[in-house]
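Input: a single structure, listed below in structure tokens.
Nothing in this text is a laboratory measurement; each read-out follows from the coordinates by a stated rule. As the structure is a prediction and not an experimental result, all values here were calculated from the model. Don't worry about glycine lacking a Cβ; one is built from the backbone with ideal geometry, like all the others, and counts go over all protein chains shown.
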Amino acid sequence: RQWLRGCLSSHPKCQRPELPRLPTRVVAVGSCDEEMRIVVTGPDDRAEYAALSHCWGGAHAVVLLSSNLEALQKRLHLDASSKTFREAITFTRRLGIPYIWIDSLCILQDKDEVSDWEYEAPRMSRVYNSATVTLSAASSSDMSGGLF
């Protein structure tokens, strides 16, 4: 956490004049005692957030669907997530960052819900570029491999 704060305050390329706009949906990670949930953001909502880059595949945990969006806005169970997601959420909490963007939890994954994907896909480069930090599960071959 100290390293990241030092980077953000000391390096000119890391400094930002204002907080980034949040993506359409993010996971509010809360603290260890608080429940996580999906947050649908507004056009003027700004805050620090992390983003996760990961390889799809393996055992699928919960994903965002139009049928579970309302429930996930109330509570997202950490134990229903893949190892990669659990580790990314834990790491984000430890960095003191309030939100994380994970594609399968922040873009509707319904087979017949292509309009959300068509809207969000062109915005993904901004999502990653605007994130305070992007976590990469580069050595994992699927979602069960974790970050470390």
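The convex hull built on the alpha-carbon positions of the range 20-136 has an orientation-averaged projected area of 6.9 nm². The aspartates and glutamates whose alpha-carbon is closer than 19 Å to the alpha-carbon of Lys111, local same-chain residues fewer than 8 away aside, are Glu70, Asp103, Glu120. Taking other C-beta atoms within 10 Å as the exposure proxy, Phe148, Phe85, Phe91 rank Phe148, Phe91, Phe85 from fewest upward.
Distances between placed amide hydrogens fall under 5 Å for Ser53 paired with Leu135, Ser136, Ala137, all partners being 5 or more residues away or on another chain. In this Cβ point-charge picture (+1 for Lys and Arg, -1 for Asp and Glu), the range 20-136 has a dipole of about 340 debye about its Cα centre. For Ala28, neighbours were defined as the other residues whose beta-carbon sits under 13 Å from its Cβ, and their charges (Lys and Arg +1, Asp and Glu -1) total +1. Close amide H partners of Arg25, meaning residues 5 or more places away or on another chain with modelled amide H under 5 Å apart, are Thr41. The local environment of Leu65, defined by Cβ-Cβ distances under 9 Å, has a net charge of -2 under the rule Lys, Arg +1 and Asp, Glu -1.
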